[in-house]
1. Quick one: putting +1 on the C-beta of Lys and Arg, -1 on the C-beta of Asp and Glu, what dipole do you get for the stretch 4-104 around its Cα centre, in Debye to the nearest 20?
2. Taking only protein heavy atoms and a 1.4 Å probe, what accessible area per residue, in Å², does the chain have with all protein chains in place?
3. What per residue convex hull volume, in Å³, do the alpha-carbon atoms of the stretch 13-76 yield?
4. Based on the mean of other Cβ atoms within 10 Å per residue, sort peptides 95-107, 63-75 so the most packed one is first.
5. Rank-order 14-26, 80-92 by packing density, defined as the average count of other C-beta atoms within 10 Å over each peptide's residues, highest first.
6. Per the Kirkwood treatment, what hydrodynamic radius in Å, one decimal, follows for the chain from the mean inverse distance over all distinct Cα pairs?
7. How far is helix 57-73 tilted off the main Cα axis of the chain, in degrees rounded to 10, range 0 to 90?
8. Could you work out what % of the accessible surface of the chain is carbon and sulfur, using a 1.4 angstrom probe and leaving DNA, RNA and ligands out of the count?
Amino acid sequence: MDCIFCKIANKEINSEIVSEDDNFVVFKDINPKAPVHLLIVPKIHIGPVNSLVLKDKETISGIILKAKEIAEKVGVAENGYRLIFNVGKDAGMEVNHLHLHLLAGKPLQF
Ligand code: AMP
Ligand code: ZN
């Protein structure tokens, strides 16, 4: 499948990986919108939020728990951070592989 985040997870495309385990890869967004802008991505291909079903529930809970762990690891948990799932065109979603944005490092504006 021609999916950029599958290719990053498979190391077919380089990225700045900050953490990885059996289920998730976490890397720096190539076009950061905040001093800390990470993407938390399941290694298996799974579609965006509007395609999720009940059998995806372990991935869904896992991605949020991974975000919490990474926020602590990169030192932003105390000051705070924002977690974002973009869904569909009005949200500007570009990549059709589930990913959670973690933004931090300054007071964030909407
Ligand atoms: P979204 O708009 O939620 O689909 O977000 C996709 C994000 O992936 C954007 O913030 C892009 O900057 C980011 N992105 C796209 N390609 C790459 C890449 N090769 N490495 C890192 N981040 C990427
Ligand atoms: Zn994919």
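1. Values: 12 positive and 13 negative charges, 34 e Å.
Dipole about the Cα centre, nearest 20: 160 debye.
2. Numbers: 7020 Å² over 110 residues.
With all protein chains present, the chain gives 64 Å² per residue.
3. Given the Cα convex hull of the stretch 13-76, per-residue volume reads 105 Å³.
4. Working: 95-107: 17.7, 63-75: 16.1.
Top of the packing list down: 95-107, 63-75.
5. Ranked by mean Cβ neighbours within 10 Å, highest first: 14-26, 80-92.
6. About 14.3 Å for the chain.
7. On a 0 to 90 degree scale, this one is about 30.
8. Values: 3590 of 7020 Å².
The C+S portion of the solvent-accessible surface of the chain is 51 percent.
The values are calculated or read from the model by the stated rules, or taken from the named source; none is laboratory data. Keep in mind the model is a prediction, meaning the values are calculated, not measured. We place every Cβ from the backbone using ideal geometry, glycine too, and count neighbours over all the protein chains shown. Ligands, DNA and RNA are stripped out before the accessible areas are found, and what is left, the full protein with its side chains, is counted by its heavy atoms. Shrake-Rupley method; radii C 1.70, N 1.55, O 1.52, S 1.80 Å.
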